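One structure is given here, and the rest of the page talks about it.
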Amino acid sequence: MTVMADQPTPLMPHATATWLVDNTGLSFEQIAEFCGLHILEVQAMADDLAGSKYTGRDPVYAGELTQEEIERGQADSTYSLKMQKAPAEVTRTKGPRYTPVSKRQDKPDGIAWILRNHPEVTDAQISKLIGTTRNTIGAIRERSHWNIQNIQPKDPVTLGLCSQRELDAVVKAAAKKAGLENAVSDPAVEASDKARLIEELRRERDDNEKAAAEAAQEAEAAAWLQAKRASEEEQLSGMPIGTASEAPSEPEAEAAPAETPAETDDAEEQTEE
């Protein structure tokens, strides 16, 4: 039997194999080769021992085989079935592009940047480029978005939402349609936007470093104060008992008996004599 290495497999190989087992006299080897399966899988389908039950799919109705090809295979068990028509490849061409979860929170910032710097770009182009909906774009444009206070325009290329080539292509197409070809590539505007974004990111980094330094200083001061209090408590707990009571207090030392008027007169008479 000739092995058709370059021949594609049916669109639903297990369902096609089930139909061929139930409706033709082809050998297990022929069915396994045509469907791209192992012969033991086909044997399990024939013996009703397969782990999953498949609904048969008619390859003749699907246009992948002809009845003449099946009859030729039934007449010669060494004949390799040839596919009449390969299944069409299924590709995803419609709908917004997929964006990783970690990047989805940055979409509003990228949309706001495009709306501010390239108003000629349509909502449909933004939706396809960023991977968002027109309702979100309209809410950001009208400033009715639920998180509009925290949205800051940022370059979608820097945010990783699209490539520079994709953004340039969209801007160029929109500008050409709006008759703004001369305003598409303005290096001064692009340099200004990038410099502004770099400065903003640098300022955020400096603010974060400053906040971290202040937090470290506060923690160090709190630790020093706690250590000082612990040292004072340790000194007080180590003093001998009664030491504080033996020392005369200041009020007791100052409280001397006052002289009476009679004692004062006697002292003056003795002085005159």
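The values are calculated or read from the model by the stated rules, or taken from the named source; none is laboratory data. Values in this document were obtained by computation on a predicted structure and should not be read as measured data. Positions of Cβ are generated from backbone atoms using ideal geometry, with glycine treated the same way; all protein chains shown enter the neighbour counts. Areas reflect the complete protein model, heavy atoms only, side chains present, ligands, DNA and RNA absent. Shrake-Rupley method; radii C 1.70, N 1.55, O 1.52, S 1.80 Å.
Here are some notes:
- Area accessible to solvent at ILE198, 1.4 Å probe radius, in Å²: 90 Å²
- Inter-label distance, GLN226 to GLU209: 2.9 nm, where each label sits 7 Å from its Cα along the C-beta direction.
- Sorting ASP207, ASP22, ASP155, ASP76 by accessible area puts them as ASP22, ASP207, ASP76, ASP155; the probe is 1.4 Å, largest comes first, and only protein heavy atoms count.
- Accessible surface, 1.4 Å probe, highest first, among residues LEU11, LEU161, LEU40: LEU40, LEU11, LEU161
- Residues in the range 10-24 reached by a label modelled at ALA86 [backbone nitrogen below 17 Å; 7 Å Cα→Cβ]: 10-13
- Note, ³J(HN,Hα) from phi for the range 120-125, Karplus 6.51, -1.76, 1.60, rounded to Hz, x at Gly and Pro: 6, 6, 7, 5, 5, 5
- Once all protein chains are placed together, ILE137 keeps about 0 Å² accessible to a 1.4 angstrom probe.
- For the range 139-148, 3J(HN,Hα) per residue [Karplus equation, 6.51 cos²θ - 1.76 cosθ + 1.60, θ = phi - 60°, Hz, x = Gly/Pro]: 5, 6, 5, 8, 6, 10, 5, 5, 10, 5
- Area of TRP113 that stays accessible when all protein chains are in place (1.4 Å probe, Å², to 10): 20 Å²
- In order along the range 34-48, the Karplus-derived 3J(HN,Hα) couplings, from 6.51 cos²θ - 1.76 cosθ + 1.60 at θ = phi - 60°, round to 5, 8, x, 10, 7, 4, 5, 5, 5, 4, 5, 5, 5, 8, 6 Hz, and Gly and Pro are given as x.
- When the C-alpha to C-alpha distance is required to be over 32 Å, the pairs from LYS85/LYS176; LYS53/LYS82; LYS107/LYS210 that qualify are LYS85/LYS176.
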